[in-house]
Ligand code: FES
């Protein structure tokens, strides 16, 4: 049911941990499954993501998607990191079973929350970035069944 890449990132997650004095930190959760994800970003003066770490209290797919998401945003500019959507993360993992799509959404939202934190601290606006929700289901996803 899981691709080899998902299994690999679940069993050997990359970039687990915290970043002290991170440029941005984002925490999101999903009230339905109770899983929580936190992403730390270290961003240099040129707006390049030098480092990215995560902590996930969640299912295997949440671990694998956060691991892949951190790999995808590392070395990228803030604008490029905005293109790391849950679909991009899923594609990089060779797909996820439909019931696990929401786990990849958690990764996208956690990155956005960390970018939002960074933007707020620096008084800047990041194109296309909206204020993140603490809970990805807090106002109900329209018609989506996970
Ligand atoms: Fe909720 Fe995976 S089951 S994040």
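Here, each number is a calculation from the coordinates, and none is a lab measurement. Since the structure is predicted, the reported quantities are computational estimates derived from the model, not experimental observations. Positions of Cβ are backbone-derived with ideal geometry, glycine not excepted, and every protein chain shown enters the neighbour counts.
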- prompt: Taking the chain as a Gaussian network, Cα atoms linked when under 10 Å apart, which of 35, 51, 94 shows the biggest mean-square fluctuation?
  reply: 94
field: residue 44/residue 87 FRET efficiency (R0 35 Å; Cβ-Cβ; nearest 0.05)
entry: 0.80
message: To check my understanding: the extent here is largest minus smallest coordinate of the Cα atoms along each principal axis. What are those three numbers for the chain, in Å, largest first?
response: 42, 33, 23
- prompt: Want the number for residue 124 to residue 8: 0.36 nm per residue separation, take away the alpha-carbon distance, what's left?
  reply: 38.1 nm
Peptides ranked, highest mean first, by Cβ atoms within 10 Å: ranges 55-61, 20-26: 55-61, 20-26
query: By its C-alpha gyration tensor, with a ≥ b ≥ c as the square roots of the eigenvalues, how is segment 52-94 shaped: rounded for a/c under 1.5, else prolate for a/b larger than b/c, else oblate?
result: oblate
task: Working from Cα positions, state the angle (0 to 90°, nearest 10) between the long axis of helix 60-73 and the longest principal axis of the chain.
output: 30
field: Alpha-carbon Rg with Dmax, taken over segment 15-74, Å
entry: 11.7, 38
message: Taking the 0 to 90 degree range and rounding to the nearest ten, how far is the long axis of helix 101-122 tilted relative to the main principal axis of the chain, both from C-alpha atoms?
response: 10
